[in-house]
Amino acid sequence: MMEKELILVIGASGFVGSELVKILKADGYAVRGTTSKVTAGANTVKIDVGNGEGLSEAFEGVTRAFLMAPLGFTDHHAVLSPLIKEAKRRQLKKVVLMTAFGANASDEIPFRKAEIELGTVRS
C-alpha cells in the first residue's frame, strides 16, 4: 500500500486554514497544520513566521503545501519568502499560495514579489 502524501497547511488554526484542513481530511488526505498559537494540537506544528522558528519541523516529510501570510504583517514577501525557500529546498510537488486580488498591479507589491519568487507568474 502506498503511503499518503503529507500536505502542509500554513495557518491551520485560522479561518481559511482550518476550513482547508477539514476539507482535505474529509477527502482522505494526510495533513500537517501550523499555528502561531502556544498550544499546537495533534498533527500541528507551532511556527513563528517572523523569525522562522519551527519551519524545518513543519516541512519535514511534506510533499505539498498551502501557504498564506498571517495577520499582523505588512511586508508579506518578507514573511512568505522563507516558506517559499523551504518549499523549493525540499522540492515539493505542489505549492499553493494565497495572495490577494490586485496583487499583480505592480511587481513592487509584497504579495506580487512572493508570487514571482514562487514562480507562479507566467509571461
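The values are calculated or read from the model by the stated rules, or taken from the named source; none is laboratory data. Quick caveat, the model's predicted, so the values are computed rather than measured. Using ideal geometry, Cβ is built from the backbone for each residue, glycine included, and neighbour counts are taken over all protein chains shown.
Could you please let me know if THR44 is out of contact with any Pro (no Cβ under 9 Å at 6 or more places or on another chain), surrounded by 15 or more Cβ atoms within 10 Å (Cβ to Cβ) and over 30 Å from ASN104 (Cα atoms)? Here the answer is yes, as THR44 does meet what is asked.
Just a yes or no: is a residue in the range 79-89 in contact with a helix residue (DSSP H, G or I) (Cβ under 9 Å, 6 or more places away or on another chain), without any contact (Cβ under 8 Å) to a residue 60 or more places away in the chain and part of a loop (DSSP other than H, G, I, E, B)? No, the conditions are met nowhere in the range 79-89. The set of residues in the range 90-123 that are assigned to a loop (DSSP other than H, G, I, E, B), among the charged types (D, E, K, R) and closer than 19 Å to GLU5 by Cβ comprises ARG90, LYS93. Surrounded by fewer than 17 Cβ atoms within 10 Å (Cβ to Cβ), of a type outside the set (A, V, I, L, M), under 16 Å from the mean Cα position of the chain (by Cα) and modelled with pLDDT under 95: is that true of THR74 in this structure? The answer is no for THR74. Among the residues of this structure, GLY72 counts as one that is out of contact with any Leu (no Cβ under 7 Å at 6 or more places or on another chain) and either in contact (Cβ under 8 Å) with a residue 60 or more places away in the chain or closer than 15 Å to GLY14 by Cβ (or both). Among the criteria (1) surrounded by 15 or more Cβ atoms within 10 Å (Cβ to Cβ); (2) small (Gly, Ala, Ser); (3) more than 24 Å from GLU117 (Cα to Cα), the one GLY28 does not fulfil is (1).
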